[in-house]
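Input: a single structure, listed below in structure tokens.
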Amino acid sequence: MARFRAVTAVLALQLFAARPGASQIAQSDTLYGCYVPSSGTMYRIKVPNAPNACVASSHLLFSFNAKGASGAAGPTGATGPVGPTGSTGPAGSSGATGVAGTTGEIGATGSTGSTGSTGATGQTGPTGAVGPIGATGPNGATGATGMTGATGGAGATGVTGVTGASGGPTGDTGPTGSTGPVGPIGATGSTGVTGPQGSTGPQGTPGAITAVQRSNGTTFSVPANSHNTYLEACPTGKVLLSFDYALGGNLTSGTIFPAVVVTMMRATTITANGTQSIESKVLNVSNETVTFAVSVLCGIIAP
């Protein structure tokens with residue numbers, strides 16, 4: 001057996017020393033091989049272009065380090081003299097400019113993004129301005145006054161008191177006495193019974209409307225951003241039968257409503273001289289002056 005190991009070691013050294021590249025194996029590398037007993041030959045494994053294991057079960061696997069353990073370090077040799085400085089070499093020529101690279105291809109267009117979510121619903125717009133108040137109808141004619149009822153009859157006269165008995169013969173007339181003091185005022189008698197009320201007289205015929213007169217009225221200027229009251233009167237002695245109005249101006253928006261609103265139109269109380277008027281209130285919330293014209297229809301109601 002000792003002879004086998006010695007032969008194996010010798011053959012292994014010859015085999016591994018003879019293979020190219022053996023000097024490139026690191027000192028710590030382990031070398032592997034297989035021994036063929038029938039022929040006494042060996043071959044390497046686990047190296048390039050060689051099998052990773054013994055090719056037959058009868059072949060014997062063996063291994064050892066490529067080199068023995070490192071010996072002790074020898075003494076440091078003496079430092080050699082410094083060599084002369086070499087001359088500076090010539091500067092190298094500039095290299096040629098490289099060829100510009102080709103422009104890369106344009107990337108593919110990205111896919112379309114998904115549709116965004118629906119935005120929140122906007123707030124409700126402000127409420128529109130209140131429309132103008134309709135015109136007031138004319139006052140109806142006053143009915144005739146009913147007849148006065150008959151005066152009730154006078155109450156019955158009270159009963160006369162009994163006359164006293166006559167005295168003796170009349171004596172001589174005595175001297176006139178002094179006037180006595182005025183007596184107190186007697187109590188007022190009770191009121192007599194009220195007579196029955198007379199029946200209501202028939203309704204008088206309504207008087208005819210005469211002397212109708214239309215007034216083109218007055219055109220008022222309504223300043224911007226104001227709320228004013230305007231008065232249009234009938235001629236003296238005439239009452240208001242109907243009325244109308246018109247708005248005008250040059251608003252930037254081209255419309256009058258809802259920037260201008262007639263908030264109130266009413267007939268005023270008839271004055272002492274029989275004249276009646278129409279009172280109007282106009283609201284102008286625009287930034288421009290507008291016009292407000294009132295026309296009235298007046299007349300006299302015959303008795």
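The values are calculated or read from the model by the stated rules, or taken from the named source; none is laboratory data. On a predicted model such as this, the values are computed, not experimentally measured, just so you know. Every residue, glycine among them, receives a Cβ derived from its backbone with ideal geometry; neighbour counts consider all protein chains shown. What goes into the accessible areas is simple: the full protein's heavy atoms, side chains included, and nothing from ligands, DNA or RNA. Shrake-Rupley method; radii C 1.70, N 1.55, O 1.52, S 1.80 Å.
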| task | Quick one: count up the residues across the range 220-241 that are polar (S, T, N, Q), at negative phi and open to solvent by 40 Å² or more (accessible area, probe 1.4 Å). | result | 4
| Residue satisfying condition, being open to solvent by less than 40 Å² (accessible area, probe 1.4 Å) and either modelled with pLDDT of 80 or more or on the phi > 0 side of the Ramachandran plot (or both), within set A293, A302, A259 | A293
| remark: Those residues of the range 105-154 which are of a type in the set (S, T, Y) and within 30 Å of C234 (Cβ to Cβ) amount to T136, T142, T145
| query | surrounded by 10 or more Cβ atoms within 10 Å (Cβ to Cβ), among the aliphatic types (A, V, I, L, M) and modelled with pLDDT of 80 or more: does that describe A53? | reply | yes
| remark: Being at pLDDT 75 or above and not hydroxyl-bearing (S, T, Y) narrows A154, A165, A141 down to just A141
| task | Might you let me know whether the range 120-140 holds any residue that is assigned to a loop (DSSP other than H, G, I, E, B), over 30 Å from V285 (Cα atoms), open to solvent by 80 Å² or more (accessible area, probe 1.4 Å) and free of Cβ contacts under 8 Å to residues at least 40 places away in the same chain? | result | yes
| message | Quick check on my filter: what residues within the range 279-293 are small (G, A, S) and farther than 15 Å from T218 by Cβ? | response | S286
